[in-house]
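The values are calculated or read from the model by the stated rules, or taken from the named source; none is laboratory data. Quantities reported herein were computed from a predicted structural model and do not represent experimental measurements. Neighbour counts run over all protein chains shown; Cβ positions are idealised from the backbone, glycine included. Quick note on the areas: whole protein, heavy atoms, side chains included, nothing else; ligands and nucleic acids left out. Shrake-Rupley method; radii C 1.70, N 1.55, O 1.52, S 1.80 Å.
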Amino acid sequence: MPSNSLIIHGARVPLPPAVLAAGGSAANYLDDGEPAFRHTARVRPLQHFILHETCGNTASGCRDTLIRKGYGVQLILAPDGRVSNHGDLAEAVMVHGNQLNPTSIGIEVCNPYCPGFARPPFGPTIPAEWWTWVPAGGAKAYVLPTPTQLAVLKALVPWLCGQMGIPYAFPTAGLNKAQRKIPGWDGHPAAVPGPGVVAHRDFAGHADGRYLLEQLMEASHG
Ligand SMILES: [Zn+2]
């Protein structure tokens with residue numbers, strides 16, 4: 001049995017019932033043998049929760065790639081709803097979110113997002129949207145996360161924002177086909193969104209996280 005706890009300021013914080021009911025579990029670097037990722041000490045206040053997708057199918061693949069590159073992320077959400085915790089959510093700054101590293105925590109949701117990369121349980125797609133990455137010659141479609149991942153994310157992110165003092169707000173909600181990145185980002189890669197939950201693609205030269213953000217926004221607005 002995993003500990004089902006996440007580490008915040010050195011303390012073990014149990015997952016709330018809503019995350020467990022959604023099919024979530026948690027394994028951390030103190031109790032469950034998860035690797036602690038490379039990090040530095042946080043000195044600036046937390047303001048952002050960054051949503052990532054791995055472009056791969058497994059949590060172990062994501063973990064190994066991050067370690068090899070010297071990057072990190074505080075949380076990884078596996079296809080089966082297991083959340084692994086790789087550093088203190090309050091105190092460890094990791095390299096995953098460009099200019100937002102010092103003020104953020106991040107979650108990597110394992111998802112190949114491109115049909116050509118998908119293996120079971122991934123497979124179902126939706127047609128490409130303005131935020132979808134489509135490789136040259138690739139299918140114009142986005143691979144959905146698993147239903148369990150989505151259910152866990154919808155319970156986990158609002159709860160964790162509350163625990164961490166991050167506003168459960170969506171500062172990049174207004175982005176669209178005509179304005180695809182935060183204002184000021186093009187040519188000024190240090191541009192910063194307002195506090196809240198953001199997709200990695202919204203403020204950097206990446207392609208991940210927007211479907212997850214859209215799902216959280218929809219759930220939040222009923
Ligand atoms: Zn990312």
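Check whether at least one residue in region 167-174 is open to solvent by less than 20 Å² (accessible area, probe 1.4 Å) and within 16 Å of the ligand (Cβ to nearest atom), and report yes or no.
Residues of region 167-174 open to solvent by less than 20 Å² (accessible area, probe 1.4 Å): 172.
After this cut, where a residue has to be within 16 Å of the ligand (Cβ to nearest atom) as well, the list is 172.
Looking through region 167-174, at least one residue is open to solvent by less than 20 Å² (accessible area, probe 1.4 Å) and within 16 Å of the ligand (Cβ to nearest atom).
Taking Val197 as meeting all but one of (1) closer than 25 Å to Val13 by Cα; (2) within 16 Å of the ligand (Cβ to nearest atom); (3) in contact with a Gly (Cβ under 6 Å, 6 or more places away or on another chain), write down the number of the exception.
Exception for Val197: condition (3).
On the given criteria, is Leu153 within 16 Å of the ligand (Cβ to nearest atom) and touching a Leu at 6+ places or on another chain (Cβ under 9 Å)?
Details: within 16 Å of the ligand (Cβ to nearest atom): yes; touching a Leu at 6+ places or on another chain (Cβ under 9 Å): yes.
In short, yes.
Determine whether Gly222 is within 19 Å of Gly56 (Cβ to Cβ) and either within 15 Å of the ligand (Cβ to nearest atom) or modelled with pLDDT under 95 (or both).
On the way: within 19 Å of Gly56 (Cβ to Cβ): no; either within 15 Å of the ligand (Cβ to nearest atom) or modelled with pLDDT under 95 (or both): yes.
Answer is no for this residue.
Inside region 129-164, can you point out the residues that are part of a loop (DSSP other than H, G, I, E, B), open to solvent by 60 Å² or more (accessible area, probe 1.4 Å) and in contact (Cβ under 8 Å) with a residue 24 or more places away in the chain?
Once the filter is applied, which keeps residues that are part of a loop (DSSP other than H, G, I, E, B), open to solvent by 60 Å² or more (accessible area, probe 1.4 Å) and in contact (Cβ under 8 Å) with a residue 24 or more places away in the chain, region 129-164 yields Glu129, Trp133.
Can you list residue pairs whose Cβ atoms sit under 8 Å apart, with the first residue in region 189-212 being part of a loop (DSSP other than H, G, I, E, B) and the second being of a type in the set (D, E, K, R) and within 11 Å of the ligand (Cβ to nearest atom)? Count only pairs 6 or more apart in sequence or on different chains.
Pro193/Asp202; Ala207/Arg201; Asp208/Glu53; Asp208/Arg201; Gly209/Glu53; Gly209/Arg201; Gly209/Asp202
Among the residues of region 74-92, is there at least one that is of a type in the set (Lys, Arg), under 25 Å from Gly205 (Cα atoms) and out of contact with any Gly (no Cβ under 7 Å at 6 or more places or on another chain)?
The answer is no, given that none of the residues of region 74-92 is of a type in the set (Lys, Arg), under 25 Å from Gly205 (Cα atoms) and out of contact with any Gly (no Cβ under 7 Å at 6 or more places or on another chain).
Filter region 29-85 for residues that are away from the ligand (no atom under 16 Å from the Cβ), within 18 Å of Ala118 (Cβ to Cβ) and free of Cβ contacts under 8 Å to residues at least 12 places away in the same chain and give the result.
Ser60
Restricting attention to region 31-39, does a residue exist that is of a type in the set (Phe, Trp, Tyr) and open to solvent by 50 Å² or more (accessible area, probe 1.4 Å)? It would help to see each step written out before you state the result.
So in region 31-39, the residues of a type in the set (Phe, Trp, Tyr) come out as 37.
Now drop any that are not open to solvent by 50 Å² or more (accessible area, probe 1.4 Å), which leaves none.
Among the residues of region 31-39, not one is of a type in the set (Phe, Trp, Tyr) and open to solvent by 50 Å² or more (accessible area, probe 1.4 Å), which makes the answer no.
Since Leu20 meets every condition but one in (1) without any contact (Cβ under 8 Å) to a residue 24 or more places away in the chain; (2) open to solvent by less than 70 Å² (accessible area, probe 1.4 Å); (3) within 19 Å of the chain's Cα centre (by Cα), which condition does it not meet?
(2)
Only residues that are open to solvent by 60 Å² or more (accessible area, probe 1.4 Å) and either of a type outside the set (S, T, N, Q) or within 11 Å of the ligand (Cβ to nearest atom) (or both): list them for region 175-194, please.
Answer for region 175-194, where residues must be open to solvent by 60 Å² or more (accessible area, probe 1.4 Å) and either of a type outside the set (S, T, N, Q) or within 11 Å of the ligand (Cβ to nearest atom) (or both): Lys177, Ala178, Arg180, Pro183, Asp186, Gly187, His188, Pro189, Ala190, Val192.
Just need a number here: residues in region 86-124 that are away from the ligand (no atom under 16 Å from the Cβ), open to solvent by 20 Å² or more (accessible area, probe 1.4 Å) and over 21 Å from Asn28 (Cα atoms).
Adding up the residues that qualify gives 9.
Sort out which residues of region 200-218 are open to solvent by less than 60 Å² (accessible area, probe 1.4 Å) and either within 14 Å of the ligand (Cβ to nearest atom) or of a type in the set (Gly, Ala, Ser) (or both), and write them in order of number.
Correct list: His200, Arg201, Asp202, Phe203, Ala204, Ala207, Asp208, Gly209, Arg210, Tyr211, Leu212, Leu213.
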